[in-house]
1. Which condition from (1) touching a residue at least 24 places away in the same chain (Cβ under 8 Å); (2) over 29 Å from GLU205 (Cα atoms); (3) of a type outside the set (A, V, I, L, M, F, W, C) is the one that GLU141 breaks?
2. What number goes with the only condition from (1) modelled with pLDDT of 90 or more; (2) within 21 Å of the chain's Cα centre (by Cα); (3) surrounded by fewer than 17 Cβ atoms within 10 Å (Cβ to Cβ) that THR180 does not pass?
3. Out of the residues in region 135-152 that are surrounded by fewer than 21 Cβ atoms within 10 Å (Cβ to Cβ) and not acidic (Asp, Glu), which is farthest from ALA282 (Cα to Cα)?
4. Going residue by residue through region 19-39, is there one that turns out to be at pLDDT below 85 and closer than 27 Å to LEU285 by Cα?
5. Answer yes or no: is there a residue in region 216-223 that is at pLDDT 90 or above, in contact with a His (Cβ under 8 Å, 6 or more places away or on another chain), surrounded by 13 or more Cβ atoms within 10 Å (Cβ to Cβ) and not small (Gly, Ala, Ser).
6. List the strands (runs of 3 or more DSSP E) that sit entirely inside region 43-131 and contain at least 3 residues that are surrounded by 13 or more Cβ atoms within 10 Å (Cβ to Cβ) and touching a residue at least 40 places away in the same chain (Cβ under 8 Å).
7. Select from region 186-199 the residues that are in contact (Cβ under 8 Å) with a residue 12 or more places away in the chain and surrounded by fewer than 21 Cβ atoms within 10 Å (Cβ to Cβ) and list them in ascending order.
8. Being in a helix (DSSP H, G or I), small (Gly, Ala, Ser) and in contact (Cβ under 8 Å) with a residue 40 or more places away in the chain is the filter here, so list the residues in region 144-185 that pass it.
Amino acid sequence: MTDKPRSRLGRGLEALLGPTTIAEARADGSITRIRLDAVRPNPYQPRHGFDEKALEELKNSLDQSGLLQPVIVRRAGEDTFELIAGERRWRAAGLLGWDGIDAVVRDVDDRTLLTLSLVENLQRDALSPIDEARGYQRMIEEFDVLQSDVGELVGRNRSTVSNALRLLRLPEGVQDLVHTGRLSSGHARALLQITDQRAIPLLAERIVTDRLSVREVEAIARGKKTAKRRPRYTRNESPQDAHIRRVEDALRTRLGTDVFVAMRSKGSGRITMNFYSNHDLARILELVLGSPFDG
């Protein structure tokens with residue numbers, strides 16, 4: 001059902017990134033204290049934008065519990081460093097007014113820097129589908145990596161990389177809707193079936209306004225008409241219904257497909273998610289399980 005890369009990075013990345021906790025770094029002698037103002041952001045950071053609420057929560061966590069994981073850096077000059085991993089921790093430390101931060105210094109080239117940055121963000125589910133795709137594209141264009149090899153480098157299924165890159169064919173305005181989570185990647189892939197580029201932004205706006213499902217968008221792309229629906233959010237919606245809609249939207253954005261939540265009494269319920277091909281099922285399983293499904 002899935003095509004596997006020849007090898008996956010997992011443990012090899014851990015070896016490159018070094019110890020994952022302050023205690024481990026101290027135990028093997030790799031920890032070093034560096035000035036916060038001597039660190040600059042990763043020039044190959046694939047993520048564009050940091051969630052302010054999440055950053056505030058991390059700042060409060062650092063304030064209460066201290067730094068549990070060192071940042072990973074490389075030397076950029078005699079007294080300067082570039083981040084490899086841990087930019088959110090570095091930013092949160094800055095918000096707290098810290099002078100220095102515990103770090104592990106690694107010697108890596110630019111391609112490895114981009115690869116490590118991509119993988120760290122993918123493992124933490126911190127990238128939008130568009131940021132992920134742009135990271136892959138940058139690897140291909142700047143470092144002459146074959147598309148077929150990108151999946152092996154970042155530990156992703158080959159079809160996952162291919163589907164991600166296809167999103168960059170969408171008009172910029174539609175890419176922005178996907179980047180901000182107003183459109184799921186499932187909706188975006190359905191829009192890619194439309195050959196008239198002028199029609200894509202119009203349908204994208206209709207998806208947002210009318211809350212169209214992926215299946216409905218696919219029907220429109222095939223030339224079938226769907227009835228115009230009223231938005232599912234209304235002024236009379238109960239707090240519980242509104243909460244369920246938010247849960248559905250979060251899952252749709254994360255999984256890139258239609259997800260429906262049905263609540264029963266006493267807090268029980270059912271989650272239903274759709275898939276539209278064997279490749280789509282493989283993609284969803286990889287997202288849920290954290291690795292390609294081998295069954």
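The values are calculated or read from the model by the stated rules, or taken from the named source; none is laboratory data. On a predicted model such as this, the values are computed, not experimentally measured, just so you know. Here Cβ is always computed from backbone atoms with ideal geometry, including for glycine, and neighbour counts include all displayed protein chains.
1. Every listed condition holds for GLU141 apart from (1).
2. (1)
3. For region 135-152, the residue satisfying everything is PHE143.
4. Yes, region 19-39 contains at least one residue that is at pLDDT below 85 and closer than 27 Å to LEU285 by Cα.
5. Yes, that holds for at least one residue.
6. Ranges flagged: 81-85, 100-105.
7. Result: LEU192, GLN193, ILE194, GLN197.
8. Passing the criteria: GLY151, SER159, SER185.
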